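Student: Pasting a structure here, questions to come.
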Amino acid sequence: MIQPRILAAAAVVAMAVFAAPTTALAADAKVAVVRFDDAVRASPQYKVADQKMTTEFQKRKADLEAQSKQFESDIEKFKRDRVTVSPDAAAKTEKDLSARQVDLTQAGRKFQEDAQTRQRELTNEVVGKVRDAVVAVAKEKGVDIVVADPVFANTSFDITDDVVKKLGGTAK
């Protein structure tokens, strides 16, 4: 049976042997970092996409809100008038209100799904353009590796402003 200490020592020696060439290569590598989310948000493409979202969904949102307010108003009216109408009319109104509530709920879900799908489409377009800009800046600067969103990095390694400028925006 192999002793755990011997096994651990062998593992350390093996890691040192295999990591030595990698460490030597890494010492020569030029590294940069990018705050990817900041670059996306600062890009003019993001601002255009955000404006498209607002334009495309503003009317539908306003229509849904108006329908919702009208529905709430109709419920309040029904609650007030329930005692003065016939039982058949009250049952019919209740049924209509229930059907409207279902329709309104479905319309709200559909709106949310459509908005999320469109948001993903527009975001993916912007993310692709930002990714291309990161690659272009890295090549221009002779960078070997770009790390996105590190926990900490010296600002001298940060190429976020260069990426935003490449996209046509203004750096912070």
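The values are calculated or read from the model by the stated rules, or taken from the named source; none is laboratory data. In this text, all values refer to a predicted model and were calculated from it rather than measured experimentally. Neighbour counts run over all protein chains shown; Cβ positions are idealised from the backbone, glycine included.
Student: Could you run through region 105-164 and say how many residues are part of a helix (DSSP H, G or I), of a type in the set (Gly, Ala, Ser) and surrounded by fewer than 17 Cβ atoms within 10 Å (Cβ to Cβ)?
Tutor: Initially, region 105-164 is screened for residues part of a helix (DSSP H, G or I), giving 105-141, 155-157, 160-164.
Then drop every residue that is not of a type in the set (Gly, Ala, Ser), which leaves 107-108, 115, 128, 133, 136, 138, 156.
Cutting the leftovers down to surrounded by fewer than 17 Cβ atoms within 10 Å (Cβ to Cβ) gives us 107-108, 115, 128, 136, 156.
Total meeting the criteria: 6.
Student: Next up: Looking at ALA39, ALA62 in this structure, which one is in a helix (DSSP H, G or I) and more than 22 Å from the chain's Cα centre (by Cα)? Give the steps one after another, and end with the answer.
Tutor: Numbers: ALA39 fails: more than 22 Å from the chain's Cα centre (by Cα).
Unique residue meeting the criteria: ALA62.
Student: Next question. Out of GLU121, GLU113, report the one residue that is out of contact with any Asp or Glu (no Cβ under 7 Å at 6 or more places or on another chain) and modelled with pLDDT of 95 or more. Even if it seems obvious, please write down each step before you answer.
Tutor: On the way: GLU121 fails: modelled with pLDDT of 95 or more.
From the options GLU121, GLU113, the qualifying one is GLU113.
Student: Turning to a different aspect of this structure: Considering only residues that are without any contact (Cβ under 8 Å) to a residue 60 or more places away in the chain and in contact with a Lys or Arg (Cβ under 9 Å, 6 or more places away or on another chain), look in region 145-166 and name the one that is nearest to LYS30 (Cα to Cα). Break it down into steps so the answer makes sense when it comes.
Tutor: Of region 145-166, the ones without any contact (Cβ under 8 Å) to a residue 60 or more places away in the chain are 151-152, 154-156, 161-162, 165-166.
Those still in the list that are in contact with a Lys or Arg (Cβ under 9 Å, 6 or more places away or on another chain) too: 161-162.
Details: ASP161: 18, ASP162: 16 Å.
Per the criteria, the residue is ASP162.
Student: In addition: Return the pairs, sorted by first residue and then second, in which the second residue is not in a helix (DSSP H, G or I), the first residue lies in region 121-136 and is within 16 Å of LYS47 (Cβ to Cβ), the beta carbons are less than 7 Å apart, and the residues are 6+ apart or on different chains.
Tutor: VAL126/SER43; LYS129/LEU167; VAL130/SER43; VAL130/LEU167; ALA133/LEU167
Student: Another question, then. Evaluate region 34-55: report whether one residue or more is out of contact with any strand residue (DSSP E or B) (no Cβ under 7 Å at 6 or more places or on another chain), exposed (fewer than 10 other Cβ atoms within 10 Å of the Cβ) and either among the hydrophobic types (A, V, I, L, M, F, W, C) or at pLDDT 95 or above (or both).
Tutor: No: region 34-55 contains no residue that is out of contact with any strand residue (DSSP E or B) (no Cβ under 7 Å at 6 or more places or on another chain), exposed (fewer than 10 other Cβ atoms within 10 Å of the Cβ) and either among the hydrophobic types (A, V, I, L, M, F, W, C) or at pLDDT 95 or above (or both).
Student: Out of all the residues in region 71-84, is one or more under 42 Å from the mean Cα position of the chain (by Cα), of a type in the set (A, V, I, L, M) and assigned to a helix (DSSP H, G or I)?
Tutor: Checked against the condition, which is being under 42 Å from the mean Cα position of the chain (by Cα), of a type in the set (A, V, I, L, M) and assigned to a helix (DSSP H, G or I), region 71-84 yields at least one hit.
Student: To continue, here is another question. From the list VAL85, VAL164, which one is of a type outside the set (D, E, K, R) and either within 28 Å of LYS47 (Cα to Cα) or touching a Pro at 6+ places or on another chain (Cβ under 7 Å) (or both)? First the steps, then the outcome.
Tutor: Numbers: VAL85 fails: either within 28 Å of LYS47 (Cα to Cα) or touching a Pro at 6+ places or on another chain (Cβ under 7 Å) (or both).
Only one candidate qualifies: VAL164.
Student: Can you go through GLY169, GLY142, GLY108 and tell me which one is in contact with a Ser or Thr (Cβ under 6 Å, 6 or more places away or on another chain) and in contact (Cβ under 8 Å) with a residue 12 or more places away in the chain?
Tutor: Details: GLY142 fails: in contact with a Ser or Thr (Cβ under 6 Å, 6 or more places away or on another chain); GLY108 fails: in contact with a Ser or Thr (Cβ under 6 Å, 6 or more places away or on another chain).
The unique qualifying residue is GLY169.
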